[in-house]
Amino acid sequence: MRSKVWIGSIMMIALLCGCGSDVKVIEGDVAVKETAAQAQEKKQEDTAAEVTEEDTAQYSGYVFTYGGTVIGMDMDAAPIVEQLGEADSYFEAPSCAFEGIDKVYTYGSFELDTYPTDDKDYVSSVVFKDDTIATTEGVGIGDPEDKVVEAYGSDWTEEDGMRVYEKDGMKLCFILEDDTVASIEYRSTAIEQ
């Protein structure tokens with residue numbers, strides 16, 4: 001209620017300080033919308049509350065969770081895409097590695113890529129786009145290198161300038177710049193074969 005009174009007061013001052021005599025009065029409630037970053041942060045907090053380690057233990061490899069949806073590499077993409085809802089953007093192109101169409105779905109803070117096999121689409125990668133989300137183990141873009149080691153250990157390899165953790169046929173890749181996480185990607189090894 002205070003914010004409505006405060007905003008109303010500002011509007012009155014603005015009207016009184018107007019330059020002309022043709023003053024227009026706008027009536028009604030003024031609502032302040034949450035920013036996209038605030039909405040995304042809330043969504044990430046909701047995700048953490050909805051999915052536990054026990055929920056993800058049934059999946060092989062590292063899995064990403066978002067809004068209660070568990071996303072693992074090489075999982076059937078159709079139910080995941082359905083759970084996530086309409087993507088912010090969508091792109092498709094003929095696959096270079098498989099017969100069919102590769103698809104890319106962008107959901108605000110991450111990109112979900114798929115590959116085709118046997119008339120189905122499977123998850124090939126999840127690429128983080130900003131620092132408003134984190135891995136299931138709690139590591140996000142902008143975190144220090146120590147947090148990566150604490151969450152995943154020191155058994156990693158280096159590939160193309162990335163720190164790569166491999167588990168059950170999938171990879172979790174980090175690019176570090178100045179001992180800080182600059183990029184995170186979950187990646188299937190099926191697309192490398």
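Please treat every number below as a calculation from the coordinates, not as lab data. Since the structure is predicted, the reported quantities are computational estimates derived from the model, not experimental observations. Every residue, glycine among them, receives a Cβ derived from its backbone with ideal geometry; neighbour counts consider all protein chains shown.
Quick check: from the Cα gyration tensor, does region 116-193 come out rounded (a/c under 1.5), prolate or oblate?
Numbers: a/c = 2.18, a/b = 1.67, b/c = 1.30.
Verdict is prolate for region 116-193.
Would you grab the residues whose amide H sits under 5 Å from the one on Phe110? Only those 5+ places off in sequence or on another chain, please, with H modelled 1.01 Å from N.
Residues meeting the amide H criterion: Lys129.
Can you give the extra length, in nm with one decimal, that the chain gains between Val164 and Gln83 once fully stretched, where that is 0.36 nm per residue apart less the Cα-Cα distance? Provide the component values of the computation, followed by the final result.
Numbers: separation 81, 0.36 × 81 = 29.16 nm, distance 2.84 nm.
Here the segment from Val164 to Gln83 would lengthen by 26.3 nm.
Would you please give the FRET efficiency between Thr157 and Asp131, computed as 1/(1 + (r/R0)^6) with r the Cβ-Cβ distance and R0 = 30 Å, to the nearest 0.05? Could the numbers behind the result be given before it?
Details: r = 25 Å, r/R0 = 0.84.
Once the sixth-power term is evaluated, E becomes 0.75.
From the residues Met73, Ser183, Val139, which one has its Cα farthest along the dipole of region 36-192 in the positive direction, the dipole being from +1 and -1 charges on Cβ of Lys/Arg and Asp/Glu about the Cα centre?
Positive-end residue among those listed: Met73.
From the phi angles alone, apply the Karplus equation (6.51, -1.76, 1.60; θ = phi - 60°) to region 70-84 and give each ³J(HN,Hα) in whole Hz, x where the residue is Gly or Pro.
Per-residue couplings from phi come out as 8, 10, x, 5, 6, 7, 4, 6, 4, x, 5, 4, 5, 5, 6 Hz.
Just how large is the dipole of region 36-192 about the Cα centre, in debye to the nearest 20, putting +1 at every Lys and Arg Cβ and -1 at every Asp and Glu Cβ? The partial results should precede the final answer.
Values: 10 positive and 38 negative charges, 47 e Å.
So the magnitude is around 220 debye.
How about region 61-135: which trypsin sites (Lys or Arg not before Pro) there lie in a loop by DSSP and see at most 16 other Cβ atoms within 10 Å?
On the way: sites: Lys103, Lys120, Lys129; in loops: Lys129.
Taking region 61-135 and a limit of 16 other Cβ atoms within 10 Å, the loop trypsin sites (Lys or Arg not before Pro) found are Lys129.
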